[in-house]
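K.L.:
Before we start, here is the structure in question, set down as structure tokens.
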Amino acid sequence: MFPLKTSVFTSHVPVVTWLIIASNALIFFMEAGLPEESLERISYLFGVVPARFTDPDWAQEVGFPMNGYWPFLTSMFLHGGLLHIVGNMWTLAIFGRNVEDRLGSVNFIIFYLACGILSGIIHALVNPHSTLPAIGASGAIAGVMGAYLMMYPTSRVIVMIPIFIFPFFFDLLAVFYLGYWFLLNFVSGLATLNMTSDVGGIAFWAHVGGFLAGAILLPPFLLLHPKRSPCYPDEGCVEDVWGHRP
């Protein structure tokens, strides 16, 4: 299922969401002009390689810098291919505008980065011996999706499902679409726990960790930016859930 839009209106231009998308696009185009060897080196230096932090002897042996935890931040601005970045940035554009509109731009960037950092930490904790770099904004975006689910569970998400060459369009409640997305990643993450060797590809536990981080971090951010306009029906009036009314 490919999300196309949501039914929640925004009252402000999502400046930070667009800046994040522009920053990721700029870095990706800069990467595109580099040779393969340089791209691999960047991924290892600025991506989250769990063993770099859990096995200092190995990290020193292969030549990793021995100071700093910057990869937990820098990794969310790197992507491994065109489909990777397009999928991530599209999803951020769909859900990020509503979350930024509700939290405010300054709170949103702090929230976004916090979710991305926590998703990287969860990935490293679940895969402590992995020597493969994890890159991409999907953990931070998962946090945005978790916050969206908490705030707008009854909103509608318009999705497209390609069947052979024909696109079919449906609208689903956000709780069903995002709940299915989370469950799919959680089950897939469980399946990787029994694997004894490094497995590349999707960092499912970064997605799970980011999603949960977004849901858990949301309440204090809501208190920092009280809602001053009435709740629309699609929003589900989340302030009532957290014991706070505008």
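Quick note: the coordinates plus some simple rules give every number you see, no bench work behind them. Remember, predicted model here, so these are calculated numbers, not experimental data. Using ideal geometry, Cβ is built from the backbone for each residue, glycine included, and neighbour counts are taken over all protein chains shown.
K.L.:
For the range 134-142, what does the Karplus curve 6.51 cos²θ - 1.76 cosθ + 1.60, with θ = phi - 60°, yield as ³J(HN,Hα) per residue in whole Hz, taken in order and with x for Gly and Pro?
P.N.:
9, 10, x, 8, 5, x, 5, 5, 4
K.L.:
In Å and on Cα atoms, what radius of gyration and Dmax does the chain show?
P.N.:
Rg, Dmax (Cα atoms, Å): 18.6, 58.
K.L.:
What angle do you read, to the nearest 10 degrees and between 0 and 90, between the alpha-carbon axis of helix 204-224 and the longest principal axis of the chain?
P.N.:
Its long axis makes an angle of about 50 degrees.
K.L.:
Answer rounded, prolate or oblate for the range 46-95, using the Cα gyration tensor with square roots of eigenvalues a ≥ b ≥ c: rounded when a/c is under 1.5, else prolate when a/b is larger than b/c, else oblate.
P.N.:
Details: a/c = 3.80, a/b = 2.77, b/c = 1.37.
Because a/c hits 1.5 or more and a/b exceeds b/c, the range 46-95 counts as prolate.
K.L.:
Still on this model: Rounded to the nearest 500 deg cm²/dmol, what is the calculated helix-only ellipticity per residue at 222 nm for the chain, with -39500 (n - 2.57) per DSSP H run of length n ≥ 4?
P.N.:
Numbers: 11 runs with 147 residues, N = 246.
One gets -19000 deg cm²/dmol as the mean residue ellipticity at 222 nm.
K.L.:
Helix 36-46: angle to the longest alpha-carbon principal axis of the chain, degrees 0 to 90, nearest 10?
P.N.:
On a 0 to 90 degree scale, this one is about 70.
K.L.:
Simple spin-label model, 7 Å along Cα-to-Cβ: HIS12 to LEU184 in nm?
P.N.:
3.2 nm
K.L.:
Where does helix 15-32 land angle-wise versus the long Cα axis of the chain, in degrees 0 to 90, nearest 10?
P.N.:
That helix lies at roughly 30 degrees to the long axis.
K.L.:
Can you list residues from other chains, or at least 5 along the same chain, whose modelled amide H is less than 5 Å from the amide H of ALA134?
P.N.:
VAL48, VAL49
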